Amino acid sequence: MTTKLVGAPVARSEDPRLLRGEGRYVDDLGQDAYEVAVVRSPHAHARIERIDLDAALEVDGLISIYIFEDLPQRLQEPLPLLIPHPAISHGRTQYVLANGEVNHVGEAIALVVAEDRYAAEDAVERILVEYEPLPAVVGPELARDAEHAVHDDIPSNVAAHLEQTIGDAPSAIADAPHRLSFRLDIERSASTPMETRGTYARWDADDQRLRLYSSTQAPTSVRAAVAAYLELDLAQVECIAPDIGGGFGVKIMHPWPEEILVPWVAKVLGHDVKFTEDRREHFVSANHERSQVQWIEVGFDDDGRILGLDVEFVHDHGAYIPYGLIVPIITSTQLIGPYKLENYRVTFDSVYTNTTPVTPYRGAGRPQGCFAMERTIDRVAAHLGKDRTEVRAVNFLQPEELPYDFGLMFQDGRAYRYDSGDFPGSLAALKELVDWDGFAQRRAAAQAEGRLLGIGMAAYVEGTGVGPYEGGHVLVEPNGTVQVSTGLSTQGQGHQTSFAQIAADELGVDVADVKVVTGDTRRFPYAVGTFASRAAVMSGNAIHLAARKVREKALRIASEALEVDAQDLELAEGQVRVKGSPDTAIDLNVVATMSNPLRYAFDEAARIATQFAQPGDPDAPPVADDDAPGLEATDYYSPTQSTFANGMHAVEVEVDPDTSDITVQRYAVVHDCGTLLNPTIVKGQVLGGVAQGVGGALYERMAYDEHGQLQNASFMDFLMPYATEVPSVDIDHLETPSPLNPLGIKGAGEAGVIPGSAAIAAAIEDATGITIDAMPITPSQLHDRRLAAASSTS
Amino acid sequence: MKPSAFAYHAPHSLEAALDTLAELGEDGKVLAGGQSLVPLLNMRLAAPAALVDLARIDGLDTVEVTDREVRVDARVTHERLRTHVAATDAIPLLREALDWVAHPVIRNRGTALGSIVHADPAGELPAVLALLGGHVELASAPGRRTATADDYLVGPLESDTRPGELATAVVFPRPEPGTGSAFDELARRHGDYALAGVGVTVTLDDDRKVRRADAAFIGVGATPIQVPLTDALAGQASDALEPDDAIDLARSTIDPEDDIHATARYRRHLAGVLLGRALQTAAARAAAGGTA
Ligand SMILES: Cc1cc2nc3c(=O)[nH]c(=O)nc-3n(C[C@H](O)[C@H](O)[C@H](O)COP(=O)(O)OP(=O)(O)OC[C@H]3O[C@@H](n4cnc5c(N)ncnc54)[C@H](O)[C@@H]3O)c2cc1C
């Protein structure tokens, strides 16, 4: 084979199209569709007394309005609890339209269909809803205090309680020479992709078929859900995820109320219908994540070795629990990071609050877990007066101890077992990259100028590539084009490029000849979805396996045609050729033509496949019993467990001694996601993650008041960092291949975001001497903390 | 986020614009760069029956620099003023303040005068206008008038612009010789409205001692808060400024509020820190020759 494409920094083939503005997002489709707008609750908690539509019915361009009572029986059932974990004792999900009660600001109450969105919003404005406001439960602690209930029949507000243990943490802590206990808080944030939610449905009355375009990370499951709610055969429904302007987790949630309502209305009205969520709706109606209160108790020895760790936390999952316990389970396991914990207990309550529901946002519980563990290590180091990297080093699992099974259950119900990694190696690389040992000098120099510098670091291990499976289909067309498809969808991760690299390597073709289609159930109906840094591991390996089958078939056909042993053949430069004598070759597209026995010579090239061109063995059928026409194959990759990527970030911050303004001066990342498919793409993923990590640490916060009103539901007040707030980042890639899959890869999608809050908190703490136990933090809050510290010491 | 229906007028002359505004009365609203108004319309926080767009008016687009003042017409964008060499040489504070206003895409459309009419208490230009003692020129079908900054900037997002009126120009007086100026602020993100900010002018006498000093704060009150600092600083040497009294005076004059981005207490503290820094800078600039 010629040069390998896997591992090469191949330029992203999707970029020219996207940069030219030729992307096709949901709102670019269906220009003649009716548009919907939704009446949403202005209250965090209320009973609906009366809905008056009269004034709205006068609006020009109005088509129809629906409230709960107008829905068919199937649509009056609550939306599904997607991941029904056995620990969920009190699961509640929302209705597509509120059934008499609303439980968070933004909950859908009525659906308006109009000729365009302007008219739809005019009608929304004229619909009068009378409410009986109920007390709002806001914040995880008030929820657990349970003075008021979010759902009448769940007085404790607790949906689930879960405990997992390794060894005996309470006794280990009791017996330890040193003990510390403290509380750590992380606030709410959200994915906030550039493209909001959107769904566009076309009902074809002649064909009795529904085509649905949705901005989703899970098109196959959206299709299944819509078929179920609309009581259609799967064969009648197709779902396509076109270009998607970012997901970051929020679009793995499905089916959204609008995802069910829009196709239903399209079918009822016999007209195309489209929903394009606006930004204000997105803030309150698309899910959030991150809010947790965590209590830590740790016992350790004189070297800082953690002998026992006991963690209790409350997870605020908002008004409903559609995505089950994924986020808190990930926190509770991934908290462990790269450390060898032999005595660990973690318990959590997942509680209802009258706020927007919580489902995964890039990182999905890991940033909270990383914050808990890394802040713990820093406390241990501070208590013992040791360098923070030394305390990490004594706790690391060593490379030779991997694979290592902790005896816990991971988010997929499978073993929490690290496959590979080199944590001491990563730390050494990080210290060098950020010049950790030279920091004391930099700090002293800054101090002489009256400037405050601090450094911090944080490490994480990220379970990636969870099952159950993904598939790939690879087809060589008679024109030489290689068509690749996989069922999961793409939100900007460069799948068209990296999957093409994988197929091109196997088939010896130019990467430009490979066309990749993702997220289209017409092309590949079986899939799980894009989340948990799984696309490269799952679909990547499936495509690799499918391409390998195609390769074998090509070799077999060519070997018969050339009368050469298949072992002496290779695929390269678009040909199957004899190793060492490349002149004896047959073009791959000719092999594709030959693979499909024909009756009709519809063009010149097709002649070679017709019955008279190739009489063959008169006693054998033209297509053998164990064969199929076409140079194509499908295969699936289904692992027994997740792969575990890891990395470490180090941050240097400067704190203005007078204003407490915080600036990130230096950001270094060491990242190990196994074999790199494409270093440019991985770098992009890491940089984007770091930007979101900085956002989560210093800027972004869903600011609810005590009434459950979101006070910053716009990009004016929800402070997503601009390019001017994101530091430049030094990245060093390590490659410890995963032994679990043929390509040796681990996921890279979420890594960049995980340690941001932990590392930045550590750096601020180092700069100011103030213990940082809650993130995000603003200059105003840091100022208050410094004032309080100054007055308590004086 | 779609506005309610409105009528759209795009007159070609000031006279036509004034006639249209007169006809519309309370129903009409001027559309300049749209950078503040259009978001308000889209969020339906404002629903005027009609907009009168300045974009096609012939004229209203000059920057005039005289010995005494810089006069900026209604259609001049932030960016044009920021890069106008004669205007910013005459009043360097204009350029320094405009550097803090929003981002290039917004400065390319938003107008300097529009931001004064809009009267955001965290806007930079209203503070500059107040600090320099400037005024706004307004026209309506019946006639013309001028309004000083103090009279014009009435409250948060409230300027004394009456129905049927169009602000035609804003006039910034040039500071007297021997004056140095500075503008400093802290925003959560580059280009955001500031948590607090301050513009200052310091005028020195022939011995390089402070003769006069003034400050105007943003983000810490309903309008730009002016604090005369001459009493606190007069007679101090420009290279050994002791701004503590000035800072105390300012902190007790301003009236910040809590919001989700910062506490009132922090804003008060911050405003003082920024004032101290700005005064040092302005005094040094004045000593180096001024003007502003
Ligand atoms: C993301 C963002 C960040 C921003 N950051 C800052 C910042 O840091 N500092 C800052 O100062 N500003 C900031 N702005 C606001 C920007 O400066 C203002 O939008 C702009 O200055 C207002 O001018 P405009 O021409 O866009 O006015 P418009 O939006 O067109 O109008 C604003 C208001 O003034 C009225 N109006 C405008 N011109 C006239 C006139 N000639 N006569 C009568 N009435 C008139 C309109 O009727 C309307 O009520 C920001 C805006 C955005 C979107």
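The numbers here are math on the coordinates, done by the rules we state, and not lab data. A quick note: this is a predicted structure, and the numbers were derived from the prediction, not measured. Cβ atoms come from the backbone with ideal geometry, glycine included; neighbour counts cover every protein chain shown.
Could you list A:Trp203, A:Trp256, A:Trp436 in order of exposure, starting from the residue whose Cβ has the fewest other Cβ atoms within 10 Å?
Taking fewest neighbouring Cβ atoms as first place, the list is A:Trp436, A:Trp203, A:Trp256.
Taking square-rooted eigenvalues a ≥ b ≥ c of the alpha carbon gyration tensor, is region A:1-160 rounded, prolate or oblate, where a/c under 1.5 means rounded and, failing that, a/b exceeding b/c means prolate?
Oblate, because a/c is 1.5 or more while a/b does not exceed b/c.
Could you size up the charge dipole of chain B around its Cα centre, putting +1 on the beta carbon of Lys and Arg and -1 on that of Asp and Glu, and report it in debye to the nearest 20?
Taking the Cα centre of chain B as origin, the dipole is about 700 debye.
Helix-derived [θ] at 222 nm for chain A: sum -39500 (n - 2.57) over DSSP H runs of at least 4, divide by residue count, nearest 500?
-8000 deg cm²/dmol
Based on alpha-carbon centroids, what's the gap between region A:94-153 and region B:199-234 in Å, whole number please?
The two parts, judged by their Cα centres, are 51 Å apart.
Would you work out the charge dipole size for region B:7-53 about its Cα centre, treating the Cβ of every Lys and Arg as +1 and the Cβ of every Asp and Glu as -1, and quote it to the nearest 20 debye?
Charge dipole, region B:7-53, about its Cα centre: 300 debye, nearest 20.
What number, rounded to the nearest 500 deg cm²/dmol, is the helix-based mean residue ellipticity at 222 nm of chain B, given -39500 (n - 2.57) per DSSP H run of at least four residues and division by all its residues? Could you put the intermediate results ahead of the total?
On the way: 12 runs with 98 residues, N = 292.
Computed mean residue ellipticity for chain B: -9000 deg cm²/dmol.
Cut-off under 26 Å on the C-alpha distance; same-chain residues fewer than 8 positions from A:Lys515 excluded. Which lysines are left, in chain and number order?
Straight-line reach from A:Lys515, under 26 Å: A:Lys4, A:Lys251, A:Lys549, A:Lys553, A:Lys683, A:Lys746.
Please compute the Kirkwood hydrodynamic radius over chain B, one decimal place, Å, based on all pairs of different Cα atoms.
Computed over Cα pairs of chain B, the Kirkwood hydrodynamic radius comes out at 19.5 Å.
Roughly what % antiparallel, to the nearest 5, for the DSSP beta bridges in the protein assembly as shown?
Given both bridge residues lie in the protein assembly as shown, the antiparallel proportion sits at roughly 80 percent.
Across all directions of projection, what mean area in square nanometres is found for the Cα convex hull of region A:495-534?
Projected area, direction-averaged: 3.3 nm².
For region A:468-637, what is one quarter of the convex hull surface built on the Cα atoms, given in nm²?
Its average projected convex-hull area is 10.8 nm².
Taking a quarter of the surface of the Cα convex hull of chain A, what do you get in nm²?
Directional mean of the projected Cα hull area for chain A stands at 38.3 nm².
Between the alpha-carbon centers of region B:65-109 and region A:335-370, tell me the distance in whole angstrom.
First find each Cα centre; the distance between them is then 51 Å.
Of all the stretches in chain A, which is the longest one without any exposed loop site, taking GluC sites (Glu not before Pro) in a DSSP loop (any state but H, G, I, E, B) with at most 13 other Cβ atoms within 10 Å? Please report the intermediate quantities before stating the final value.
Working: sites that count: A:Glu22, A:Glu58, A:Glu147, A:Glu231, A:Glu449, A:Glu563, A:Glu604, A:Glu706.
So the longest stretch without any such site is A:232-448.
So what's Rg/Rh here for region A:627-746, counting alpha carbon atoms and using the Kirkwood radius for Rh?
Values: Rg = 20.8 Å, Rh = 18.0 Å.
With Rg and the Kirkwood Rh in hand, the quotient comes to 1.16.
Please name whichever of B:Leu45, B:Leu31, B:Ala17 sits farthest to the positive end of the charge dipole of region B:7-53, dipole taken about the Cα centre and charges placed at Cβ: Lys and Arg +1, Asp and Glu -1.
B:Leu45
Return the whole-Å distance between the Cα centroid of region A:467-496 and the Cα centroid of region A:158-225.
Each part reduced to its Cα centre gives a spacing of 26 Å.
Say each of A:Leu29 and B:Glu257 gets a label point 7 Å from the Cα, pointing the same way as Cα to Cβ; how far apart are those two points in nm?
4.5
Please provide three numbers in whole Å: the alpha-carbon extents of region B:179-287 along the principal axes, with the largest listed first.
46, 27, 21
Using Cβ contacts closer than 10 Å as the measure, can you line up A:Ser792, A:Ser181 from fewest to most?
Result, fewest neighbours first: A:Ser792, A:Ser181.
Can you find, among A:His317, A:Tyr526, B:Val198, the residue farthest towards the positive end of the dipole of the protein assembly as shown? Put +1 on the C-beta of Lys and Arg, -1 on that of Asp and Glu.
Of the listed residues, the answer is B:Val198.
Please give the average number of partner chain Cβ atoms lying within 10 Å of the Cβ of each residue in A:714-725, rounded to a whole number.
For this peptide, the per-residue mean of nearby foreign Cβ atoms is 3.
Treating only the Cβ of Lys, Arg, Asp and Glu as charged (+1, +1, -1, -1), what charge dipole size does the protein assembly as shown show about its Cα centre? Round to the nearest 20 debye. Before the final figure, lay out the partial values.
On the way: 90 positive and 159 negative charges, 213 e Å.
Result for the protein assembly as shown is approximately 1020 debye, rounded to the nearest 20.
Over the Cα atoms of region A:537-596, compute the convex hull volume and normalise it per residue, giving Å³.
Output value, Cα hull per residue: 87 Å³.
Scan region A:51-132 for trypsin sites (Lys or Arg not before Pro) in coil per DSSP, keeping those whose Cβ has at most 12 other Cβ atoms within 10 Å, and list them by number.
none
Would you calculate the separation in nanometres between label points at A:Val394 and A:Ala606, each defined as 7 Å from the Cα along the Cα-to-beta-carbon direction?
Going from the A:Val394 label point to the A:Ala606 one covers 7.6 nm.
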